[in-house]
Amino acid sequence: MGPAPKPEGRKARRNKDAIPQTVLRWERAEAPELPDVEVEKDGQLVEFVWPARTRVWWQMWIDSPQAEHFGSSDWQYLLDTALIHARLWRGDLTAAGELRLRVAAFGATPADRARLRMVFAEADGADQGRGSSGVPPARELYGNLRPINGGKSAEGGSA
């Protein structure tokens, strides 16, 4: 028979979400251009010139598959990240760690995308399910193999 179930108000799951989920209305946002920025240098405001490498990096994010899922706050965060990218490409190597953390949140590397559970939808159709190497799956290669009964070779040893 077992013990009686607990009353509804006293039940507790160990895997219960600590914080309830908030569902947001999705709104895709267009990528902004890198803005004209003035920075203070020796007490004077001077025009900030974006490094060419940062302009290429920014366009890469605009063209990325992830960009179709960016909202306005994502683009603003990425815009702040562009300033960090510019610092790095101007020689400030202390910016590298913060840049890596920030771009990881957007799925910059294969490892980042795996951690974020991102996959490329077109990849499945393009390679007919053969994976990125183009090699047929193991079931296709070895699916007809069957074990030999007995497991012994003709010489008396194990197979």
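Values computed for the structure shown
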item: Heavy-atom accessible surface of region 5-57: percent carbon and sulfur, 1.4 Å; result: 50
item: Region 1-108 pair-distance distribution - Cα-Cα, 10 Å bins, rounded %; result: 11, 32, 22, 13, 9, 7, 4, 1, 0
item: Accessible area per residue in Å² at 1.4 Å probe, computed on region 3-102; result: 81
item: Region 81-122, accessible surface, carbon-and-sulfur percent (1.4 angstrom probe); result: 64
item: Amide hydrogen neighbours beyond the local backbone of residue 37, cut-off 5 Å, H modeled; result: 48
item: Note, ³J(HN,Hα) from phi for region 52-59, Karplus 6.51, -1.76, 1.60, rounded to Hz, x at Gly and Pro; result: 4, 5, 6, 4, 5, 4, 4, 5
item: Cβ-derived FRET efficiency at R0 35 Å, residue 24 paired with residue 47, nearest 0.05; result: 0.40
item: Cα-only radius of gyration and Dmax that characterise region 1-58, units Å; result: 27.5, 82
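The values are calculated or read from the model by the stated rules, or taken from the named source; none is laboratory data. Bear in mind that the values here come from a model prediction, so they are computed numbers and not experimental data. Here the Cβ is made from the backbone with ideal geometry for all residues, glycine too, and neighbour counts use every protein chain on show. Keep in mind that these areas ignore ligands, DNA and RNA; they rest on the heavy atoms of the full protein, side chains included. Shrake-Rupley method; radii C 1.70, N 1.55, O 1.52, S 1.80 Å.
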